[in-house]
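Every read-out reported here was derived from the displayed coordinates using simple, explicitly stated rules and does not represent laboratory data. Remember, it's a predicted structure, so these values are computed and weren't measured experimentally. Neighbour counts are summed over all protein chains in view; Cβ atoms, including those assigned to glycine, are modelled from backbone coordinates with ideal geometry.
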Ligand SMILES: Nc1ncnc2c1ncn2[C@@H]1O[C@H](COP(=O)(O)OP(=O)(O)OP(=O)(O)O)[C@@H](O)[C@H]1O
Ligand SMILES: [Mg+2]
């Protein structure tokens, strides 16, 4: 399993629990456990997908390849621009809408059977890695969306 801090970021504080005796090592949780089943990703090595959604539209996507099972850019994962299939895009859009976010970075892992799992929906996603493989300006797109919807009421 994976144990995540309630307020974590960039892979910090995430632990992999491989046996029951690993659990007492989660000392900083104050009795609150946020656990996910470990998803083994499809293909060689370790990878997941980051889908950046603004106002119900996917604006950029990338695959991150980690040096270990942590695929965070801050942990040295490399970024690769990919075009995702409709299923993955639709999943990210639906997830963002379900929790009522104007924009989000949705992290998805595909398992060995091709099943898709959302592992995280980021409300304050970093986009340094994404912009290194994306031919656009994320800040500009976000600002434009705010102006369109909340100032011009488009
Ligand atoms: N359930 C899981 N199964 C396998 N690997 C996981 C799982 N959850 C997380 N990971 C790995 O750990 C990395 C970080 O996890 P997650 O995206 O949940 O938190 P975070 O990146 O620390 O938070 P933030 O994106 O806000 O900085 C993921 O990119 C993935 O590589
Ligand atoms: Mg993440």
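Semi-axes of the equivalent ellipsoid for segment 20-99, please: Cα gyration tensor eigenvalues, times 5, square-rooted, ordered largest first, whole Å.
Taking √(5λ) for each eigenvalue gives 28, 18, 12 Å, largest first.
Based on alpha-carbon atoms only, what is the radius of gyration of the chain relative to the globular estimate 2.2 N^0.38 Å?
Dividing the Cα Rg of the chain by 2.2 N^0.38 Å gives 1.11.
Counting only Cα atoms, I'd like the Rg/Rh figure for segment 75-154, Kirkwood definition for Rh.
With Rg and the Kirkwood Rh in hand, the quotient comes to 0.99.
Using only Cα atoms, tell me the angle between helix 86-98 and the longest principal axis of the chain; keep it within 0 to 90° and round to the nearest 10.
That helix lies at roughly 90 degrees to the long axis.
How far apart, in nanometres, would the label points at residue 15 and residue 2 be if each is projected 7 angstrom from Cα along the Cα-to-Cβ direction?
1.6 nm
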